Structure formats: C-alpha cells, structure tokens
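The values are calculated or read from the model by the stated rules, or taken from the named source; none is laboratory data. Source: prediction; values computed, not measured. For neighbour counting, all protein chains shown are included, and Cβ atoms are generated from backbone atoms with ideal geometry for every residue, glycine included.
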Amino acid sequence: MNFLKHQRWSPYLVGSLIGILSWFAFVTADRAIGVSTALARTAGMAELTVAPVHVQTNPYFLRFRPAVDWEWMLVLGIVLGAFVSSRLSGDKPQTDVPPLWRSRFGPSARKRYAGAFAGGMILILGARLAGGCTSGNGISGSLQLALSGWVFFGSLFVSGLATAFLIYGKENSRA
Amino acid sequence: MLDPISKILLGLVTGFFFGFFLQKGQVTKFSVIVGQFLLRDFTVLKTMLTAIVVGGVGVYALRAMGLATLHVKPAQLAAVAIGGLVFGVGMVLLGYCPGTGVAAAAEGHRDAMFGVLGMFAGSAVFAELYGFFSATVMKWFDLGPITLPELTGIPSWLIFGCLGTASILLFLKIEKLERR
C-alpha cells in the first residue's frame, strides 16, 4: 500500500479516478458531483441560528433548503478524505503565505487571509450565479456535455488567465 | 435531512474518495491552481480534461444501458458566462476553488480556511440577491438544460471521440513543453 503514502499521483490517474467516481455517483445516488450548493446550504444553517424567520422566507433558501443532503455529506467527505490523504503522505503546509503571493503582496499572513476571504466571497458569488463551481459545472456539467458546463469552463479560464497575468505579471509565467 | 440515510452515507463515501483524489492530485495547492492560470503548471487542466473524458464516456454508456440519467444544469448563458468570469477572479485571488478549498483547509492551509469562511459569507450575500438575479440575468439567453448533442445534432460518441483525441494531443504537447 505504498502508493497511498505517495505525495503526488499523476494528474491523468487522478482525473481518471474522479471520472470513475462520477460513474459511481450517477449510478448509486443518481446525482452529479458538486460542491457549492452544499456550501450555500451551510451558510443558511448558520443564518438559521440568528435569523430563522428571515431564512425561512428567503426565496433562495426556499429553493435550496438549509439542510443536510447527499451533496452536503459529500463535502464533509472531502474534508475527511483530504485529511487522511495528506496525513498518509506527511504532506503538510510549509508556510502560511504562498511564495507567489508573498512575491506580490509581501509576507503579511493577515493580508493573505483577507485576500483569501475576499476571493472566497467573489468565487462563490460567481458559482451561485452560474449554478455551479469547478466540480458541478466544470467537471460534472462538461462530462455530461452540458452547454452550461462548457460555457462555464471557457469563461472561468479566460477570466482566470486575465486575472493571474494582471496580478502576477508575465515575469511569473513561463509562457 | 433531505435524503434517506443510505444516500447520506453514499454521499460521505463519494466525498471521501473525491477529497482523497484531489489531495493526491495536488490541486489543493495555491501554487498549482494559480500556476495553471500563469501557464506554468498544467495539473488542473490535465486533471479536469481527463475526468471529463473518462467520466463522460462512462456516464453516457451507463445511460445507454439504462443505469444512469443525466442531470444537466440550465444553459442560462448570461448568468453562466458572467458567473464564470466572476468565479475566475475569485479563484485566482483565493488560489483554490470550492472543492479544492475545502480539501486544502482539511490539509491544514489556513488561507483556505479563511477562503471557505468567505464562501459562506458570499453564499449569504447571494441568497439576498437571488430574487433580483433570478428575475434578470438568470433569465437572459436561457436555453434550458440543453446538451451539446441536442444543440448541434452531433452524436455524443463523435463529440467524445474528438474531445478525447484533442485532449491526448494537447497532453502530448504539454508534456513536451514541460520537459524543456
């Protein structure tokens, strides 16, 4: 079982395994793999504790009820699976501030966390507007040959390339 | 709970493997995600395209055997395109996407933990704006849950054949570039 302790598997192997995992999800649960709806449900659960009436009358939470479902458990499973995988290989974070970020924004961890928080907010607004994220639209949508999946895949890459080059510049690229 | 207990457990098992694979694939790293958009690390593209081709061929085959039904999201073209553009900005700033961000947080990356908190906050904001978006942007150019074979009349096996061939050629080219 040595391969379980390896830090990095080939992306082609990992991609194939995720593809096969999709078959499993379709056949066993009649669902496609996705993540961001479950995050939204979690936000609703948190809001329920402070403003229950507000959540119960919100049209979004009426459509996506703040409760546990297959996908919510999938996200919980991601936490466990990623934790086990990283511990098996001893793959622990080396630093709080990624070197590339540091080269552009300096060594402040607080600044990095603020950037990450803002990034997470922007990211999920986009995902919810598009109806899914890299998993639900990008992989699950595209593999079903859904038009929405491929449009999302395309616009995500165009925007990601533009943003990355604007922030980090050509000197950090090898292209 | 919105699903029966057996389905709840299946979700947990599926997620465990998904998280395990994402971590082994190293897409739980800031440098890998942002590196993709700077065209210096192609792990994300390799992983996604392989998953799409392998997953798609299998799901369409299972569907032909009557073992699977498709779950196609509506092609609300304006909302999906704008959403994708917004998503790309957030993904580069954060350095993870929702699934890989959750996995990276589990791996111990503190920035990913703040990113996931940001995702919860963003979801709450979106829930407030949903009424407006669903009456406007999400209605523009809405073609419904349509697939490429339905839209173009090209059979799915031919699309997968072309997509598979194009992916392999692209991978060979990338591998050659990376050896330089």
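Could you look through region B:1-50, keep only residues that are in contact with an Asp or Glu (Cβ under 6 Å, 6 or more places away or on another chain) and part of a loop (DSSP other than H, G, I, E, B), and pick out the one that is modelled with the highest pLDDT? Applying the filter and picking the extreme gives B:THR28. If the condition is being surrounded by 15 or more Cβ atoms within 10 Å (Cβ to Cβ) and either within 7 Å of another protein chain (Cβ to nearest Cβ) or touching a residue at least 12 places away in the same chain (Cβ under 8 Å) (or both), then region A:47-64 contributes A:GLU47, A:LEU48, A:ASN58, A:TYR60, A:PHE61, A:PHE64. Somewhere in region B:138-157, is a residue among the charged types (D, E, K, R), under 28 Å from B:PHE17 (Cβ atoms) and touching a residue at least 60 places away in the same chain (Cβ under 8 Å)? No, because not a single residue in region B:138-157 is among the charged types (D, E, K, R), under 28 Å from B:PHE17 (Cβ atoms) and touching a residue at least 60 places away in the same chain (Cβ under 8 Å).
May I ask you to verify whether B:SER123 is touching a helix residue (DSSP H, G or I) at 6+ places or on another chain (Cβ under 6 Å), hydroxyl-bearing (Ser, Thr, Tyr), within 8 Å of chain A (Cβ to nearest Cβ) and not in a loop (DSSP other than H, G, I, E, B)? So B:SER123 passes the test. Kindly check whether there is at least one residue in region A:138-159 that is in contact with a His (Cβ under 9 Å, 6 or more places away or on another chain) and more than 7 Å from chain B (Cβ to nearest Cβ). Scanning region A:138-159 turns up at least one residue that is in contact with a His (Cβ under 9 Å, 6 or more places away or on another chain) and more than 7 Å from chain B (Cβ to nearest Cβ).
Considering (1) on the phi < 0 side of the Ramachandran plot; (2) modelled with pLDDT of 95 or more, the lone condition that B:GLY108 does not fulfil carries the number (1).
A quick yes/no check of all residues on (1) within 7 Å of chain A (Cβ to nearest Cβ); (2) out of contact with any strand residue (DSSP E or B) (no Cβ under 9 Å at 6 or more places or on another chain):
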{"residue": "B:PRO74", "(1), (2)": "yes, no"}
{"residue": "B:VAL80", "(1), (2)": "yes, yes"}
{"residue": "B:VAL86", "(1), (2)": "yes, yes"}
{"residue": "B:VAL89", "(1), (2)": "yes, yes"}
{"residue": "B:GLY99", "(1), (2)": "yes, yes"}
{"residue": "B:ALA103", "(1), (2)": "yes, yes"}
{"residue": "B:HIS109", "(1), (2)": "yes, yes"}
{"residue": "B:MET113", "(1), (2)": "no, yes"}
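Condition check for A:GLN94 on (1) polar (S, T, N, Q); (2) more than 20 Å from the chain's Cα centre (by Cα); (3) crowded, with 23+ Cβ neighbours inside 10 Å: one failure, at (3). Of all residues in region B:56-111, those satisfying the criterion of being of a type in the set (A, V, I, L, M), touching a residue at least 12 places away in the same chain (Cβ under 8 Å) and part of a helix (DSSP H, G or I) are B:VAL57, B:LEU77, B:ALA78, B:ALA79, B:ILE82, B:MET91, B:VAL92, B:LEU94, B:VAL102, B:ALA103, B:ALA104, B:ALA106.
Restricting to helices (runs of 4 or more DSSP H) lying wholly in region A:1-65: which have 3 or more residues that are aliphatic (A, V, I, L, M)?
On the way: elements: A:11-29, A:36-50, A:52-57, A:59-63.
The qualifying helices (runs of 4 or more DSSP H) are A:11-29, A:36-50.
The C-beta contact set for region B:162-180 (first residue under 15 Å from B:LEU45 (Cβ atoms), second residue outside any helix (DSSP H, G or I) and at pLDDT 95 or above, distance under 7 angstrom, 6+ apart or interchain) comprises B:ILE174/B:PHE42.
Restricting attention to region A:131-151 and to residues that are over 14 Å from the mean Cα position of the chain (by Cα) and of a type in the set (A, V, I, L, M, F, W, C), the residue that is nearest to A:ILE20 (Cα to Cα) turns out to be A:LEU143. Within region B:142-164, not a single residue is facing another protein chain (nearest Cβ under 8 Å), out of contact with any Asp or Glu (no Cβ under 7 Å at 6 or more places or on another chain), in a helix (DSSP H, G or I) and within 17 Å of A:PHE64 (Cβ to Cβ).
Would you mind stating whether A:SER159 is hydroxyl-bearing (Ser, Thr, Tyr), in a helix (DSSP H, G or I) and farther than 30 Å from B:VAL57 by Cβ? Judged against the criteria, A:SER159 is not a match.
Considering region B:5-37 alone, what residues qualify as being more than 7 Å from chain A (Cβ to nearest Cβ) and among the charged types (D, E, K, R)? Correct list: B:LYS29 only.
Tallying residues that are at negative phi and within 7 Å of chain B (Cβ to nearest Cβ) within region A:1-30 yields 20.
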